[in-house]
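The values are calculated or read from the model by the stated rules, or taken from the named source; none is laboratory data. Please read all numbers here as calculations on a predicted model, not as lab measurements. Here Cβ is always computed from backbone atoms with ideal geometry, including for glycine, and neighbour counts include all displayed protein chains.
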2 protein chains.
Amino acid sequence: MSAKFVENVCVLGAGSTKYGKLDDSISDITVQASAAAIENAGIEPKEIKAGYISNVFGVADKQVHLGPVVMSNLGISERPSLSIESACGSGSVSFREAYANVAAGFYDAVLVTGVEKVTHTGTEWTTTYFSYCSDFFYEGQAGASFPGLFASMARAYLNEFDATEEDLASVAVKNHDNGLSNPKAHLRKKITIDDVMNSAVVASPLKLFDCCPFSDGASSVVICNEQFAKDHSKDYVKVIGSGRGGSPAALQGRDHLTTIPSTKLAAADAYKMAGITAKDVDFAEVHDCFTVAEVVDTEDLGFFEKGKGAKAARNGETRLNGSISINPSGGLKSKGHPIGATGVGQVVEVFEQLTGQSGQRTVNDAKIGLTQNFGATGASCAVHIFQSV
Amino acid sequence: MSAKFVENVCVLGAGSTKYGKLDDSISDITVQASAAAIENAGIEPKEIKAGYISNVFGVADKQVHLGPVVMSNLGISERPSLSIESACGSGSVSFREAYANVAAGFYDAVLVTGVEKVTHTGTEWTTTYFSYCSDFFYEGQAGASFPGLFASMARAYLNEFDATEEDLASVAVKNHDNGLSNPKAHLRKKITIDDVMNSAVVASPLKLFDCCPFSDGASSVVICNEQFAKDHSKDYVKVIGSGRGGSPAALQGRDHLTTIPSTKLAAADAYKMAGITAKDVDFAEVHDCFTVAEVVDTEDLGFFEKGKGAKAARNGETRLNGSISINPSGGLKSKGHPIGATGVGQVVEVFEQLTGQSGQRTVNDAKIGLTQNFGATGASCAVHIFQSV
């Protein structure tokens, strides 16, 4: 990627619905989060020049082509909009596209809103449709749904490195601890290692409490160029790094099951652009769809050496205000995982952390936050790095 | 939109599957079109730095998250990709995002591929799912499917202006004439005004032959910066204008039924960027999902005064090598309408026209071509302008 862009990009405001089982329609929750972000940014809707919506299964609530519906409900129907899908990584990819357009000078301020509304359709429908995000020819139609695919990664990790099922469980326990302080979180419930170990086996070695929930929810941020941010006299956060990468779509096409190539590519790009290394990051929101994923993520992002992530989780290094705070929001595991919203929700958390809006779950003295959000088993990934001003 | 972008953008190659009822999977046809475009561009897959896929109903063939599957099948799994949806305007919006990224210098060459695979699901499923592209709260759930909504526009047009049902029929007849010379077209069949007038009423005043078909198909282009184009010594085409706009999502929110606000906004932006007016355009691929749409499009794009489009069609002005050739490819009506592919397919036609690859349907001495592609009843629209070198 070139570095010829003409504008610095900032996050000016953020908003989110609660994550969980929501009664309102997909359109309504998308508008609710968007309006909250615009209000938080301290601007009027008409100052928004384009809308980037991320969503995967609009069909579940009978509304695709969400962009114009949202823009019309915000009173700015004349503004262009679009929907972006990259499975569970949709939100971060949409953020990246919006970032690129602002960086290039195409728009001075845009709305980035992610949404998913699926819980009303039931577990069978949701599991089936989510499997369409895998490489369906090789995986989904062979019966390999995501718990099974991540179980393969977990089994390989446990076999290869110094790690136990209890270590994986400690990731869930930590994220539930963090989520207790997040009023928007789906599962606000303290759990223990024993709770995880005694929960029903979903796909061995992963048990129910190793898995994030299906959630509804919408998250939104307003991003803009730096002059626009300064003109609106608000606390804002700078985007200092953006990277993307890909992996073989099917797990069977990869050389190793204990690393995600797209994360490493995206992180390398983002660190290079930001001019920092993993050591400079104060906290990160990472993609913990299953406990093993968070462990792998923390290694692929360079926070720990390969094979040392499970031990770091066991020793509490990733707890709030540990050596590096991972998922202070509660992560996908506790905050929830409305798949089209998740990547935007991570940015909401970073914005709130770096502007003093995160209450009891605040990472002390944080200056630099990172988001990592992938699709499927990491077939696609985006990493972004943010700095307080 | 600012004009601070750093690179001129060119179309270097194009490819397409046949449009119609296809047997291969959505993944396979996407890869087929992509590989054809890359071969036509005279480059290797590894020279592609990112993949922009447009698709609406991946669920119909059990594959969303198409990007990584396509990139993996092309042997470039490490490259980032994404899917873009903007209803029937998905292809042009994806092209626009890819354009913006190349213009900004983020990538030197990218793949833009659109696809849809729905015919195997049957008319009832397809009609139902397509209705989710409307403002479903106000339209779809009230029983207003797209034929009904465009029939409202047609009735208003016939009531307000010098126009007859036969004039609308003449659009279908002309597009079928053009499609006869397009080997990729779905409906290659000469028809007469009487054929249209005697076909079954779908939603009065629109009859079956006023409506485009449901199609499967994939179309792809390679776009790049000008230096990359020159380095590869190929015929290429410059993108000289790009514009987008929005309209109230539901038809009931508009002031008039006989114009599409998003088209006018997108065209104004694109003409301004290109530094030309409608008079300078030699031919256009426009969004003729229903015959009345083409008439309205040709007015909103400035080719004819408001209310004069039907008469122009009646008089043959829009025929191949008429005063302005409209839809030399056969348009959505004859070439077909695989909704995620259509906007990219329009660019394929413009590229083939401006590089001498369009055979019997060639627009003589054409230098400037325009594409206009919208979603739903025009809730979203993108216009692009291209010039031969």
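Which one of these does A:T342 not meet: (1) among the polar types (S, T, N, Q); (2) more than 30 Å from B:Y52 (Cα to Cα); (3) under 10 Å from the mean Cα position of the chain (by Cα)?
(2)
When you scan region B:103-124, do you find a residue that is in a helix (DSSP H, G or I), touching a helix residue (DSSP H, G or I) at 6+ places or on another chain (Cβ under 7 Å), modelled with pLDDT of 95 or more and within 9 Å of chain A (Cβ to nearest Cβ), even just one?
no
In this structure, is B:G302 surrounded by fewer than 24 Cβ atoms within 10 Å (Cβ to Cβ) and in contact (Cβ under 8 Å) with a residue 12 or more places away in the chain?
yes
What residue, of B:G316, B:G343, B:G378, B:G322, is within 23 Å of B:G13 (Cβ to Cβ) and not hydroxyl-bearing (S, T, Y)?
B:G343
Restricting to region A:306-338, name every residue that is farther than 21 Å from A:I368 by Cβ and either out of contact with any helix residue (DSSP H, G or I) (no Cβ under 7 Å at 6 or more places or on another chain) or surrounded by fewer than 21 Cβ atoms within 10 Å (Cβ to Cβ) (or both).
A:K306, A:G307, A:K308, A:K311, A:R314, A:N315, A:G316, A:G336, A:H337, A:P338
Checking the condition in a loop (DSSP other than H, G, I, E, B) and in contact (Cβ under 8 Å) with a residue 12 or more places away in the chain, which residue from B:G91, B:G75 passes?
B:G75
I need every pair where a residue in region A:155-172 that is part of a loop (DSSP other than H, G, I, E, B) has its Cβ under 7 Å from the Cβ of a residue that is small (G, A, S), sequence separation at least 6 or different chains.
The qualifying pairs are A:F161/A:G307; A:F161/A:A310; A:D162/A:G307; A:D162/A:A310; A:A163/A:A310.
Which one of the conditions (1) buried (at least 24 other Cβ atoms within 10 Å of the Cβ); (2) assigned to a helix (DSSP H, G or I); (3) in contact with a Gly (Cβ under 9 Å, 6 or more places away or on another chain); (4) not hydroxyl-bearing (S, T, Y) does B:I385 fail to meet, given that it meets all the rest?
Every listed condition holds for B:I385 apart from (2).
So which of A:S16, A:S81, A:S86 ends up being within 8 Å of chain B (Cβ to nearest Cβ) and closer than 30 Å to A:R188 by Cα?
A:S86
All but one of (1) touching a Lys or Arg at 6+ places or on another chain (Cβ under 7 Å); (2) buried (at least 24 other Cβ atoms within 10 Å of the Cβ); (3) under 20 Å from A:A376 (Cβ atoms) hold for A:D135; state the number of the condition that does not hold.
(1)
Please pick out the residue among A:V11, A:V56, A:V64, A:V70 that is within 30 Å of B:P80 (Cα to Cα), away from chain B (no Cβ under 11 Å), touching a helix residue (DSSP H, G or I) at 6+ places or on another chain (Cβ under 7 Å) and surrounded by 24 or more Cβ atoms within 10 Å (Cβ to Cβ).
Answer to the selection: A:V11.
Within region A:233-246, is there a residue that is within 14 Å of chain B (Cβ to nearest Cβ), within 21 Å of B:L74 (Cα to Cα) and in a loop (DSSP other than H, G, I, E, B)?
Scanning region A:233-246 turns up no residue that is within 14 Å of chain B (Cβ to nearest Cβ), within 21 Å of B:L74 (Cα to Cα) and in a loop (DSSP other than H, G, I, E, B).
Among (1) of a type in the set (D, E, K, R); (2) in contact (Cβ under 8 Å) with a residue 24 or more places away in the chain; (3) surrounded by fewer than 20 Cβ atoms within 10 Å (Cβ to Cβ); (4) out of contact with any Lys or Arg (no Cβ under 7 Å at 6 or more places or on another chain), there is one condition A:D24 misses while meeting the rest; what is its number?
All conditions are met except number (2).
Restricting attention to helices (runs of 4 or more DSSP H) lying wholly within region A:289-361, give those where 2 or more residues are among the basic types (K, R).
Correct list: A:309-314.
Need the failing condition index for A:S233 against (1) at pLDDT below 95; (2) not assigned by TED's automatic domain parsing to the domain that holds A:V112, just the number.
Among (1) at pLDDT below 95; (2) not assigned by TED's automatic domain parsing to the domain that holds A:V112, A:S233 violates only (2).
Looking at the structure I just gave you, is B:A109 farther than 22 Å from A:M71 by Cβ, outside the structural domain of B:G309 (by TED's automatic domain parsing) and crowded, with 20+ Cβ neighbours inside 10 Å?
Answer is yes for this residue.
Could you check, for region B:128-150, whether at least one of its residues is in a helix (DSSP H, G or I), away from chain A (no Cβ under 13 Å) and polar (S, T, N, Q)?
So far as region B:128-150 goes, no, none of its residues is in a helix (DSSP H, G or I), away from chain A (no Cβ under 13 Å) and polar (S, T, N, Q).
Among the residues of region A:35-53, what is the count of those that are within 14 Å of chain B (Cβ to nearest Cβ) and of a type in the set (G, A, S)?
Residues that pass the stated criteria total 2.
Of all residues in region A:148-167, count the ones that are buried (at least 22 other Cβ atoms within 10 Å of the Cβ) and either of a type outside the set (A, V, I, L, M, F, W, C) or in contact with a Lys or Arg (Cβ under 9 Å, 6 or more places away or on another chain) (or both).
Total satisfying the criteria: 3.
Failed condition for B:D177, given (1) farther than 21 Å from B:A376 by Cβ; (2) outside any helix (DSSP H, G or I), with all others met?
All conditions pass for B:D177, except number (2).
Please go through region B:235-288 and pick out each residue that is crowded, with 19+ Cβ neighbours inside 10 Å, among the polar types (S, T, N, Q) and within 26 Å of B:L12 (Cα to Cα).
Answer for region B:235-288, where residues must be crowded, with 19+ Cβ neighbours inside 10 Å, among the polar types (S, T, N, Q) and within 26 Å of B:L12 (Cα to Cα): just B:S242.
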